[in-house]
Amino acid sequence: VKRAGLGGGGVVGLEFRKGIMEVLEAKGIYDTTVLAEVGRPLPLPSGSFDVIISAGTVLPKSTASQFYPLFNDFCRVGASGGLCVLTLRADVWDDLRSACRRAMGELEGEGKWEFVQEGEKVGFPDSVCTVTFRIW
């Protein structure tokens, strides 16, 4: 956003794996990088992000019990009226759909976020999987 001249603050890259974090830092894509720990609150200030984009956070090794705490923390660090975009691999979504939707429904019931749209499955050329995009 900042680099595209659309204003706003810096772009923060958050990662749960140290090796990947080092790759992100070397590429210089983000203004700031933050290493987080799975199962712990995100080390970010509350209400500090207008847009949260989560790509690949929910992986095949994810468990149903991880959804609510993670999505709840997205709500905590997101600013009021902000946008959270989640991309999920179709195979992961198919396996964990009910648990993921349950966590989303709980947060919506608590008034923490509102479902906006679920995208269609989108395939990538020469890829062995498709991705289901969900947007809140």
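Whole-Hz ³J(HN,Hα) for each residue in the range 30-42, computed from phi via Karplus 6.51 cos²θ - 1.76 cosθ + 1.60 with θ = phi - 60°, x for glycine and proline: what do you get?
For the range 30-42, the Karplus-derived couplings read 9, 6, 9, 10, 9, 9, 10, 10, 4, x, 10, x, 4 Hz, x marking Gly and Pro.
Under 16 Å Cα-Cα from K112, which aspartates and glutamates qualify once same-chain neighbours fewer than 8 residues away are excluded?
Straight-line reach from K112, under 16 Å: D50, D73.
Suppose the chain between R97 and V51 were pulled fully straight at 0.36 nm per residue; how much longer would it get relative to their current alpha carbon spacing? Don't skip to the answer; put the middle values down first.
Working: separation 46, 0.36 × 46 = 16.56 nm, distance 2.35 nm.
Here the answer is 14.2 nm.
Express in nm, to one decimal, how much length is gained between V85 and I29 on full extension, taking 0.36 nm for each residue of separation and deducting their alpha carbon distance.
Details: separation 56, 0.36 × 56 = 20.16 nm, distance 1.89 nm.
Extra length from V85 to I29 when fully extended: 18.3 nm.
Taking the mean number of other Cβ atoms within 10 Å as a proxy for protection, how do you rank 22-28, 69-75 from highest to lowest?
Sorting 22-28, 69-75 by mean packing, highest first, produces 69-75, 22-28.
Using amide H atoms built in the peptide plane, which far-off residues or other-chain residues are under 5 Å from C84 H to H?
I52, W136
None of the figures in this text is laboratory data; all of them are computed from the coordinates on show. All figures in this text were calculated on a predicted structure; none of them were measured in a lab. Please note: Cβ atoms are built from the backbone with ideal geometry, for glycine as well, and neighbour counts cover all protein chains shown.
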